[in-house]
Amino acid sequence: MSEKTDVWQGTLALMALKTLEALGPLHGYGIARRIEQISENKEVLAVNDLGEECYATPAIADDRIYIRTQDTLYSLGRAAEK
C-alpha cells in the first residue's frame with residue numbers, strides 16, 4: 001500500500017450527496033458502485049478487519065460514520081474535544 005494520502009474532512013459525505021443528487025435515491029451499495037465508477041484515481045486508504053460480519057450500510061451523520069456489525073456499533077470520526 002502507498003503512503004497515507006490526506007483526504008479533506010467531509011469528502012465521503014460530499015461524494016455520496018453528489019451521487020444522490022445526480023441519480024436520485026439509491027441504496028448504499030449503489031452509491032458505492034457509482035463513486036467507484038466515477039473515481040479517476042482509485043486508491044485504498046486503509047483496510048480494517050472488524051473481526052465479524054457487517055451486513056448493514058454504513059451511515060454518515062454529524063461528521064461521523066457509523067458501521068454496524070453483528071454484535072457491535074462503531075462510530076468513526078475525530079476524537080471529541082475535551
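Please treat every number below as a calculation from the coordinates, not as lab data. Keep in mind that this is a model prediction, so the values were computed, not measured. Positions of Cβ are backbone-derived with ideal geometry, glycine not excepted, and every protein chain shown enters the neighbour counts.
Before moving on, here are some points about what is shown:
- For the chain, the relative contact order works out to 19 percent when only alpha carbon pairs closer than 8 Å and six or more residues apart are counted.
- Spin-label proximity, Asp49 to the stretch 56-82 - amide N less than 18 Å from point 7 Å beyond Cα toward beta carbon: 69-72
- With K and R counted +1 and D and E -1, the other residues having a Cβ less than 13 Å from that of Thr19 yield a net charge of +1.
- Shape category assigned to the chain from the gyration tensor of Cα positions, a/c cut at 1.5: rounded
- Set of the stretch 56-75 residues, backbone N closer than 18 Å to the point 7 Å along the Cα-Cβ line of Arg33: 56-58
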